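A short write-up of the structure that comes next.
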Amino acid sequence: MSIAFRYVLFAILSSLINFGVQELVVTGLPWAPLMLSILAGTAAGFAAKYVLDKNWIFFDSSSSHGEEVRKVGLYGLFSVFTTIVFWSFEIAAWSIWQTDVAKYSGGALGLAIGYVAKYWLDRRFVFRTEAS
């Protein structure tokens, strides 16, 4: 299985985790603001994607606690940047059409754009290995 195939598969999996958690929050806490569901889904998607990328995309085995902290920090920083892309598309679609289909479609488009940018940032700055 190629790295590109795994990356797309893991992006889809973490997106489904993201959207699943969002839906759990919306369903379980119908009075909660939209941003709570977006934040909860984003946190769950981030955690899943980091573990998957680290172990099965970049085959990283950090040599020290300090190195791992540096990688998580950079990964998080780049995630903030690409999450802004994701949120912008999701919120814009919701604001324009105010339907769940629009919200998730906008979110999916934003995630796709964000994941492409994220791969190149992570490959260049976070997981600098021969395998990437």
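Considering only residues in the range 1-25 that are aliphatic (A, V, I, L, M), more than 11 Å from Ile57 (Cβ to Cβ) and within 12 Å of the chain's Cα centre (by Cα), the one that is least open to solvent (accessible area, probe 1.4 Å) turns out to be Ile17. Against the numbered list (1) in contact (Cβ under 8 Å) with a residue 60 or more places away in the chain; (2) farther than 30 Å from Met1 by Cα, Leu111 comes up short only at (2).
Residues of the range 26-42 that are without any contact (Cβ under 8 Å) to a residue 40 or more places away in the chain and either surrounded by 12 or more Cβ atoms within 10 Å (Cβ to Cβ) or at positive phi (or both): Val26, Leu29, Ala32, Leu36, Ser37, Leu39, Ala40, Gly41. Among the residues of the range 47-80, those identified as open to solvent by 70 Å² or more (accessible area, probe 1.4 Å) and touching a residue at least 40 places away in the same chain (Cβ under 8 Å) are Trp56, Phe59. Checking every residue in the range 77-98 against the condition of being under 23 Å from Ser62 (Cα atoms) and not in a helix (DSSP H, G or I) gives zero matches.
The values are calculated or read from the model by the stated rules, or taken from the named source; none is laboratory data. Everything quoted here is computed from the prediction, not taken from an experiment. All Cβ positions, even for glycine, are placed from backbone atoms using ideal geometry, and neighbour counts span all protein chains on display. Note: accessible area is taken over every heavy atom of the protein model, side chains too, but ligands, DNA and RNA are not part of it. Shrake-Rupley method; radii C 1.70, N 1.55, O 1.52, S 1.80 Å.
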